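Nothing in this text is a laboratory measurement; each read-out follows from the coordinates by a stated rule. Here the structure is a predicted model, which is why all the values come from computation and not from measurement. Please note: Cβ atoms are built from the backbone with ideal geometry, for glycine as well, and neighbour counts cover all protein chains shown.
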Amino acid sequence: MQVIRSIQDMRQLMTDYNDQKKQIGFVPTMGFLHEGHLNLMREARQEDDIVVASIFINPLQFGPNEDYERYPTDEQTDACLAEEAGVDVLFIPTAAEMYPKPTLIQLGIHERTDVLCGRSRPGHFEGVLTVLTKLFHIIHPHKVYFGLKDAQQLAVVDALINDLNFPIELVGLPTVREADGLAKSSRNVNLTEQERREAPWLYKGLHYGQRLIRGGERDPDQVVRDVTETLQQHLSGTIDYVELLGYPSLQPVSSMHKRIILAAAVYFDKARLIDNILLDEKGDIITRYD
């Protein structure tokens, strides 16, 4: 596995691969890799000739009171895990390499960001769009892989690729979970023992909502109320949101849509956890988005 830190070297290598007609699969990450990231890399290994992963903690997507400075890092372990998962090229630029001067241009988005996590994180998805646009131009991937855990991000990337005509196939893969259902996340290490015991109820609450839909409940507001009440009964953290929306439009729905997302987020003392499930109109879980 090659580890590359400069944009110029990365561009040259990707140009060489494209000249050789190699299909490039790309997994963007912020590091501190867990099984969710590795699952994306393994899937890319199965589908593509060359697997590229990036590790870059993007300052543009962190708000003033968020955890940029204490975001966990372990580059040596990450490199070993990425190589074991089949990554051919690991791109690890510094912030100075990616943003050598103050950015004069940042991308904006007019929909899909005023709900879910976007409501409480102004500017976050603009930072995501900006860094992904830069990475797409540097790497020129044919496929890009994201986990469905960050379903709003996936919807935003869907808009980026379609609106700006990037010749990239977007692949969303199932959330990887602990044995008790908690979605794997780099932020889980910040939970106290008591919070960790409670945290699986985030997923259990969403599954309760799914059972309501499969049982015939067609009123989205009622599903949201019932899921919220369930979470309040079992979590000591503060609920940020529970929402049921069309997907990937992330627009409100008055009845069960062809494809919907049921999502929730909760603030614990030192960690904010998110989770979601994508459902069809019958309430069955959708496991892959492409």
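The table that follows gives values for the structure above.
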read-out: Acute angle (nearest 10 degrees) that the helix 220-234 long axis makes with the longest principal axis of the chain, alpha-carbon atoms; value: 90
read-out: Phi-based couplings in Hz for segment 53-70 (Karplus 6.51, -1.76, 1.60; Gly and Pro marked x); value: 10, 10, 10, 7, 7, 7, x, 5, 9, 9, x, x, 10, 9, 9, 4, 5, 10
read-out: Highest average packing first - 176-186, 47-57, Cβ atoms within 10 Å; value: 47-57, 176-186
read-out: Three-way shape label, segment 186-279, alpha-carbon gyration tensor, a/c 1.5; value: prolate
read-out: Distance in nm between pseudo-label sites at GLN194 and LYS258 (7 Å out along the Cβ direction from Cα); value: 4.7
read-out: Mean Cβ neighbour count within 10 Å, used as a protection proxy, ranking 35-42, 245-252, 164-171 highest first; value: 35-42, 245-252, 164-171
read-out: Exceeding the 18 Å Cα-Cα cut-off - candidates LYS184/LYS270; LYS149/LYS184; LYS184/LYS258; LYS101/LYS134; LYS21/LYS134; value: LYS184/LYS258; LYS21/LYS134
read-out: Candidates GLY147, GLY172, GLY215, ranked by Gaussian network fluctuation over the chain, Cα under 10 Å, top entry; value: GLY215
read-out: Most mobile listed residue (ASN18, ASN65, ASN276) in the chain, GNM with C-alpha springs under 10 Å; value: ASN65
read-out: Counting DSSP beta bridges with both ends in the chain, the antiparallel % (nearest 5); value: 50
read-out: Ellipticity estimate at 222 nm from DSSP helix runs (n ≥ 4, -39,500 (n - 2.57)) divided over the chain, nearest 500; value: -11500 deg cm²/dmol
read-out: Gain in span if fully extended, ASP19 to ASP49, counting 0.36 nm per residue against the direct Cα distance; value: 9.5 nm
read-out: Percent RCO, i.e. relative contact order, over segment 1-93, from Cα pairs under 8 Å lying at least 6 residues apart; value: 42
read-out: The chain: angle of helix 201-214 to the longest principal axis, Cα-based, in degrees nearest 10; value: 70
read-out: Rg ratio (alpha-carbon, reference 2.2 N^0.38 Å) - the chain; value: 1.00
read-out: Relative contact order computed over segment 186-279 (Cα-Cα under 8 Å; 6+ residues apart), in percent; value: 31
read-out: For the chain: relative contact order, % (alpha-carbon pairs under 8 angstrom, 6 or more apart); value: 17
read-out: Sequence ranges 118-127, 133-142, ranked by mean other-Cβ count within 10 angstrom, highest first; value: 133-142, 118-127
read-out: Cleavage-rule hits, GluC sites (Glu not before Pro), segment 57-125, DSSP coil, Cβ neighbours within 10 Å at most 10; value: GLU69
